[in-house]
Amino acid sequence: MDTIHPQKIAQGGPLVRFADVTKSYGDLTVLDRLNLDIEQNEMVSIIGPSGSGKTTVLRVLMTLETINDGVIYVDGEPLTHMPKGTGLEFASEKYLRDRRSKIGMVFQQFNLFPHMTALQNCVEAPMKVLGLSRDQAEDRALDLLKLVGMEEKKDHHPSRLSGGQQQRVAIARALAMRPKVMLLDEVTSALDPEVIGEVLNVIRSLNSEHSLTMIMVTHQMGFAREISDRVCFFYEGKIAEQGTPDQLFDDPQNERTKQFLHAVLDAN
Amino acid sequence: MSYWEFLAEYLPKLASGALMTIGVMICATLLAAAISILFGLMRLSRNWAFQGPATVYIEFFRGTSLLVQLYWIYYVLPLMGLTLTPFVSGVLALGLNFGAYGAEIVRGGIQSVPRGQWEAARALNLSVSQQMRSIIIPQTFPIVLPPVANLTVELLKATALVALISAVDLMFVAKQINATTWLSAQTFGTALLIYYVMARIALIPFLRWLEVLAARKVGKA
Ligand SMILES: Nc1ncnc2c1ncn2[C@@H]1O[C@H](COP(=O)(O)OP(=O)(O)OP(=O)(O)O)[C@@H](O)[C@H]1O
Ligand SMILES: [Mg+2]
């Protein structure tokens with residue numbers, strides 16, 4: 001690892017930087033020297049065929065998986081690595097614990113804690129990790145449950161909530177940690193069509209009213225087009241093409257992008 | 001001698017034996033629970049220094065006879081300089097043996113918690129021990145309690161073996177009474193009844209209540 005040298009990211013530089021990030025499982029290279037910068041307050045959508053590495057991008061940024069090569073920076077500091085001498089070495093769990101709260105993630109399958117009410121789901125980590133008092137944590141959680149329209153169900157366990165309601169609680173739970181960047185992995189894919197809208201509305205308001213930095217993997221091209229500042233098309237672990245929604249959807253340059261958009265839009 | 005006269009004469013003795021049985025059971029259950037949790041977690045460790053000993057322990061105690069383990073502790077350990085009372089030997093043998101079965105229940109319970117729960121907890125930056133304590137372990141309760149209840153009832157019945165190393169439990173007292181009175185039907189009939197009452201009327205309802213409590217905690221009841 002001493003071949004890697006820390007890149008100084010200037011103040012006002014990107015919030016997240018993937019620098020030549022490679023992730024492989026055995027012989028399978030899932031992310032292939034990926035370079036990607038996410039600016040403060042930017043809303044970036046990631047689209048692409050199944051298996052192209054979309055979920056993996058989010059998982060390595062959430063530090064649920066370790067990367068094999070390259071460095072991920074968050075907020076001007078290396079995330080996957082820590083300084084050692086003039087170079088970098090892989091981050092220890094302690095180093096990650098000091099930084100992981102800057103990133104929040106919402107999962108396709110919600111993953112709410114079933115033994116806790118909606119409110120408890122949202123206060124657990126702020127109390128244990130951020131050291132908030134119960135009152136502080138509950139105030140914050142209630143504000144967020146209100147934001148996602150779930151304050152009336154605060155005392156319900158997940159088993160008594162619909163999928164859309166669970167996903168909204170999951171968004172509030174992630175926001176309660178005040179992350180600088182939110183990762184959304186196909187957050188409506190496991191939902192019934194009639195409740196997708198309520199979750200998309202929450203994401204819309206996070207984007208427009210709270211200008212949160214978000215990276216969203218999605219198969220909903222219409223929504224990606226409407227909400228994104230930038231759309232990245234992934235193919236075989238690389239960004240094959242990226243641009244504004246208008247550029248990418250109306251005037252794709254890459255053959256793969258064209259094929260993919262054809263296939264997806266025909267299917268709808 | 002009518003059965004009522006028999007009861008009037010011997011029930012107090014049987015009851016004091018039953019008290020010993022209950023004592024053995026409670027102590028052995030606590031020991032088994034501690035071992036179950038410790039070795040169940042060690043079995044799941046990726047570190048061989050933890051996983052290896054736990055695997056050997058569980059294999060050994062599940063693969064050999066409880067009675068022989070009991071005799072070993074009571075008769076063989078003294079030869080190595082460690083003499084234990086019948087009570088302590090009984091608790092130790094039962095606790096070690098049932099702990100090995102319990103460890104497998106704990107392991108299975110933890111493994112049955114979906115991976116997404118670990119990932120959500122980690123994404124919220126909970127430490128590994130916080131993930132375990134507040135997210136994973138509570139979710140295993142409804143899963144492990146039914147098999148734990150079975151095991152506990154089995155343990156209660158297995159306590160009768162400690163009579164063989166002369167711990168003065170219900171079974172031991174019953175054998176004493178039988179040896180002096182030859183009223184076998186009354187003696188062992190009453191002993192059976194007491195075991196049944198302890199299991200059916202005390203232990204099982206208590207364990208069911210725990211199961212309901214655990215189910216309610218996850219909002220399933
Ligand atoms: N834990 C793992 N072990 C081995 N291979 C994995 C693992 N996780 C993912 N992969 C493989 O990595 C590749 C990329 O997976 P990823 O989940 O990032 O795809 P994706 O773009 O999110 O696809 P989808 O649209 O189907 O969700 C796939 O080929 C997948 O099979
Ligand atoms: Mg995916």
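When the range B:120-133 is examined, which residues are found to be surrounded by 19 or more Cβ atoms within 10 Å (Cβ to Cβ) and within 7 Å of another protein chain (Cβ to nearest Cβ)? Scanning the range B:120-133 gives B:A120, B:R122, B:A123, B:L124, B:N125, B:L126. Consider the range A:68-84 and keep the residues that are hydrophobic (A, V, I, L, M, F, W, C) and away from chain B (no Cβ under 14 Å). The one that is nearest to ligand 2 (Cβ to nearest atom) is A:I72.
Pull up the range A:162-184, narrow it to residues that are in a loop (DSSP other than H, G, I, E, B) and in contact with a strand residue (DSSP E or B) (Cβ under 9 Å, 6 or more places away or on another chain), then point me to the one that is nearest to ligand 1 (Cβ to nearest atom). Among residues in the range A:162-184 that are in a loop (DSSP other than H, G, I, E, B) and in contact with a strand residue (DSSP E or B) (Cβ under 9 Å, 6 or more places away or on another chain), the one nearest to ligand 1 (Cβ to nearest atom) is A:P179.
Tell me whether the range A:145-161 contains one or more residues that are surrounded by 22 or more Cβ atoms within 10 Å (Cβ to Cβ), away from chain B (no Cβ under 12 Å) and in a helix (DSSP H, G or I). Yes, the conditions are met somewhere in the range A:145-161. The numbered conditions (1) on the phi > 0 side of the Ramachandran plot; (2) within 13 Å of chain B (Cβ to nearest Cβ) are all true for A:E186 except (2).
Across the range B:108-122, a minimum of one residue is classified as in a helix (DSSP H, G or I), more than 23 Å from B:L203 (Cα to Cα) and aromatic (F, W, Y).
Among the residues of the range A:203-219 satisfying the criterion of being over 14 Å from A:N41 (Cβ atoms) and surrounded by fewer than 20 Cβ atoms within 10 Å (Cβ to Cβ), which is nearest to ligand 2 (Cβ to nearest atom)? Only one residue tops the list, namely A:H219. If you go through the range A:8-35 and keep only what is away from ligand 1 (no atom under 14 Å from the Cβ) and either among the charged types (D, E, K, R) or within 15 Å of A:F233 (Cα to Cα) (or both), you end up with A:K8, A:R17, A:D20, A:R33, A:N35. In the range A:228-262, the qualifying residues are those that are among the acidic types (D, E) and without any contact (Cβ under 8 Å) to a residue 40 or more places away in the chain, and the one that is surrounded by the most Cβ atoms within 10 Å (Cβ to Cβ) is A:E241.
Within the range A:99-114, restricting attention to residues that are part of a loop (DSSP other than H, G, I, E, B) and crowded, with 22+ Cβ neighbours inside 10 Å, the residue that is farthest from the chain's Cα centre (by Cα) is A:F113. Of the candidates A:L58, A:L64, A:L36, the single residue that is at pLDDT 95 or above, part of a strand (DSSP E or B) and within 19 Å of A:L184 (Cβ to Cβ) is A:L36. Taking the criterion of being more than 14 Å from chain B (Cβ to nearest Cβ), more than 10 Å from ligand 1 (Cβ to nearest atom) and either under 18 Å from A:Y95 (Cα atoms) or crowded, with 21+ Cβ neighbours inside 10 Å (or both), the residues of the range A:42-67 that qualify are A:M43, A:V44, A:S45, A:I67.
The values are calculated or read from the model by the stated rules, or taken from the named source; none is laboratory data. All values reported here derive from a predicted model rather than from experimental measurement. In this analysis, Cβ positions are derived from the backbone assuming ideal geometry, glycine residues included, and neighbour counts consider all displayed protein chains.
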